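The values are calculated or read from the model by the stated rules, or taken from the named source; none is laboratory data. This structure is a prediction, so every number in the text was calculated from the model and none was measured. A quick note on method: Cβ atoms are made from the backbone with ideal geometry, for glycine too, and the neighbour counts reach across all protein chains shown.
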Amino acid sequence: MDYRDLLEQHFGHSEFRAGQVEVIDSLLAGRSALALFPTGGGKSLCYQLPALIFDGLTLVVSPLIALMKDQVEALQVKNIEAARLDSTLDRAEVNGIYDKMENGTLKLLYVAPERLANDGFIRRLRRCRIDLMAVDEAHCISEWGHNFRPDYLKLAELAGSLKIPRVLALTATATPRVAGQIRERFGIGEDDQIQTGFSRPNLIFGVFPCAESERDDLLVEKVSGQAPGASIVYVTLQQSAERVAGVLKRAGLNARAYHAGMKDEHRAEVQDGFMAGSIEIVVATIAFGMGIDKSNIRHVYHYNLPKSLENYVQESGRAGRDGETATCNILACADDLTVLENFIFGDTPSSTALKSLVEHVMLQGREFSISRYDLSVSRDIRPSVVSTALTYLELEKVIIPKGPFYGGSRVQLIRNFDDVLAGHTPGRQHFLTKLFETGKKGWRWHTFDIAESAHELGETEERVRKAINYLADMGDAIVQPSGLRHAYALAAETDHTVASLTEMLVERFEASEAGEIERLGLVVELCESGECLQAQLVRYFGDEMESCGQCGVCTGEHTGGTLPQSRRVEIDLEMAAIIQQTKMEGHPALRQPRQIARFLSGLSSPATTRARLQRDERFGALAEVPFLDLLDHISAL
């Protein structure tokens, strides 16, 4: 059958979109490819259709659980054997997927990149025939990209070790430099980079410079006067989402807030209402929209400046996927820069924290395991930054990953403990009684540290795990794994020292910080330039186009110029007193200058979160002060 027949038979389309045929032809010829399509350009079909032709499995790596869920459900409706593996599935569902992998009936399997660090899962993959690995959001592999994820760095090596014959990398936002790095990592030839162009003729871009005090009224004016249709208003902070949604509601507009601080059920209610059309406007942090497939979004507003041009293109690209006209506007105020820069500077770990992390790893012994969570809290480094640092140590061949495992279990008994014991032999009754004495009893759940329980009982960890899992198998308990740990081996030989490794990590994180600041500066340049907005965006991604003729600059609505900004906030005597008081108290979570600067800037960290310091009235008290000014002042004390 001609694969064009499969397009109509399985996907209901009579013709391909631009670039899809070229990508599919490359894959069917046995070559890897890079699909550089705009948001909504039909990237997923480029691996879904070949998956029906290949005899083996197509492994899809995606960081977006919402996207995986939506795509798997859509494929299953089409009677295509597809599945996803994520933390929301129970053991029976996971085992059912494993069975289909082994018997060869599964065509597409969606996983997050983190799952590919699981040694047990890799062993299962080695028993399968995998004909294609599709890597979504492939720009995450590049340290020069806007959303670098350390787990992506290992995907190319993994594809080689699994002997996967072809890889399809997919992204909507990659500069020429990032695209080159993707091709290099996955061995993709230049001719197999299929780029359909970044121009979106149906999107009308606009920049509206405004002072911070004018922004609410300007937003209400724009939204009230716009053509009907679904709208997203993007903001930087969670509290801004709530406040701005309130401003719009008081103006009589159908608006709701959405951010990561809301309860899961409330977020789901907003998302479902927006998808169904009962909620017209969502005011959201960038958490909203990732993987959301709503084609008729008519308006996207950036109430605050986006943090990069990649983010702006990606977020604006959620509008007008149906091909109809849509507007994408920035309410541009330079006062946003302090908060955005503070996030960037606050994320960079101190050299002291990095040195402590390296020492901890290097002194563990030949084989060891660590909890990234515990390491994050004890060194006060965000978990994602800990993961990045450990990945760099892996790439330097200092540590060898042996895979993640759960070091604990949470057990909820379904029946009374005496009734559970009644069904066992006296020897097993004695063992279970002693086992439960080693756990921590909560209101509903017993929590076990497997290694500690085994040590107290004088038994192997394997016997403790089997006993706990047996209770679940017999229907006597609900068992949940807990305490994720990662096993490593220290390299037998290395030229590195603690000092050299610390220096390497400091250089990498400082380079990342500089790159983020540079990307933020390019957003300001876009807003202040008097040149066609869409032409600037297209050029940034390596294309050229004539003026679009319809953006705010082309129509004369925006002529460029310096963005409005209130005076730069400088540290006064009252602020200095707050800094001095915070330092003198010597709170354990605020020992280092960078920790104090984060705290006063309103940037949470593992240590301040654990100590519940967000409740302190000084948390965020100096959020308007540039982070580096704060850090310099604190360091000088």
Any idea how many residues of region 184-200 are surrounded by 20 or more Cβ atoms within 10 Å (Cβ to Cβ) and either within 24 Å of the chain's Cα centre (by Cα) or farther than 19 Å from Ile24 by Cβ (or both)?
4
Flagged in region 604-637 as closer than 15 Å to Val377 by Cα and among the hydrophobic types (A, V, I, L, M, F, W, C), in numbering order, are Ala607, Ala611, Leu613
Pairs where the first residue, in region 14-32, is over 22 Å from Ala156 (Cβ atoms) and the second is outside any helix (DSSP H, G or I) and hydroxyl-bearing (Ser, Thr, Tyr), C-beta under 7 Å, 6+ apart:
Ala18/Thr196; Gly19/Thr196
Taking Val411 as meeting all but one of (1) aliphatic (A, V, I, L, M); (2) closer than 26 Å to Glu367 by Cα; (3) surrounded by 15 or more Cβ atoms within 10 Å (Cβ to Cβ); (4) within 38 Å of the chain's Cα centre (by Cα), write down the number of the exception.
(2)
Flagged pairs (Cβ under 9 angstrom, 6 or more apart or on separate chains; first in region 614-635, on the phi > 0 side of the Ramachandran plot and in the same structural domain as Gln595 (by TED's automatic domain parsing); second not in a loop (DSSP other than H, G, I, E, B) and not hydrophobic (A, V, I, L, M, F, W, C)) are Gly620/Ser601; Gly620/Gln614
Looking only at region 334-353, filter to residues that are in contact with a Leu (Cβ under 6 Å, 6 or more places away or on another chain) and small (Gly, Ala, Ser); which one of those is farthest from Gln595 (Cα to Cα)?
Ala334
Filter region 481-501 down to residues that are of a type outside the set (A, V, I, L, M), at pLDDT below 90 and surrounded by 14 or more Cβ atoms within 10 Å (Cβ to Cβ) and give me whichever is nearest to Leu413 (Cα to Cα).
Pro481
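Quick check on region 46-56. Is at least one of its residues at pLDDT 90 or above, within 21 Å of Gln195 (Cβ to Cβ) and not in a helix (DSSP H, G or I)?
no
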From the set of residues in region 186-226 that are of a type in the set (A, V, I, L, M) and in a helix (DSSP H, G or I), which is nearest to Ser240 (Cα to Cα)?
Leu219
Glu528 vs. criteria loosely packed, with under 15 Cβ neighbours inside 10 Å and either among the hydroxyl-bearing types (Ser, Thr, Tyr) or not assigned by TED's automatic domain parsing to the domain that holds Asp90 (or both):
no
Just checking: which of the helices (runs of 4 or more DSSP H) contained wholly in region 370-438 hold 1 or more residues that are touching an Asp or Glu at 6+ places or on another chain (Cβ under 8 Å)?
383-395, 417-422, 426-438
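Residues are listed down the side, and each one gets a yes or a no for (1) farther than 28 Å from Phe541 by Cβ; (2) among the small types (Gly, Ala, Ser); (3) assigned by TED's automatic domain parsing to the domain that holds Val538:
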residue: Thr88; (1), (2), (3): yes, no, no
residue: Cys128; (1), (2), (3): yes, no, no
residue: His139; (1), (2), (3): no, no, no
residue: Glu143; (1), (2), (3): no, no, no
residue: Ala159; (1), (2), (3): no, yes, no
residue: Val167; (1), (2), (3): no, no, no
residue: Pro176; (1), (2), (3): no, no, no
Residues of region 180-237 satisfying the condition of being over 14 Å from Cys328 (Cα atoms) and among the hydroxyl-bearing types (Ser, Thr, Tyr):
Thr196, Ser213, Ser224, Thr236
Which fully enclosed helices (runs of 4 or more DSSP H) of region 553-637 have 3 or more residues being at pLDDT 90 or above and in contact with a Ser or Thr (Cβ under 8 Å, 6 or more places away or on another chain)?
593-601
Region 107-121, subset closer than 30 Å to Met474 by Cβ and not charged (D, E, K, R), residue surrounded by the most Cβ atoms within 10 Å (Cβ to Cβ):
Phe121
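Looking at Arg256, Arg267 in this structure, which one is among the basic types (Lys, Arg) and part of a helix (DSSP H, G or I)?
Exactly one residue qualifies, and that residue is Arg267.
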Given the structure, is Thr171 touching a residue at least 60 places away in the same chain (Cβ under 8 Å) and among the hydroxyl-bearing types (Ser, Thr, Tyr)?
yes
Could you identify the single residue in Gly273, Gly291 that is assigned to a loop (DSSP other than H, G, I, E, B), under 26 Å from the mean Cα position of the chain (by Cα) and modelled with pLDDT under 95?
Gly291
For residues that are modelled with pLDDT of 90 or more and among the β-branched types (Val, Ile, Thr), scanning just region 389-408, find the one that is surrounded by the fewest Cβ atoms within 10 Å (Cβ to Cβ).
Val398
Looking at region 86-106, is at least one residue crowded, with 22+ Cβ neighbours inside 10 Å and modelled with pLDDT under 90?
no
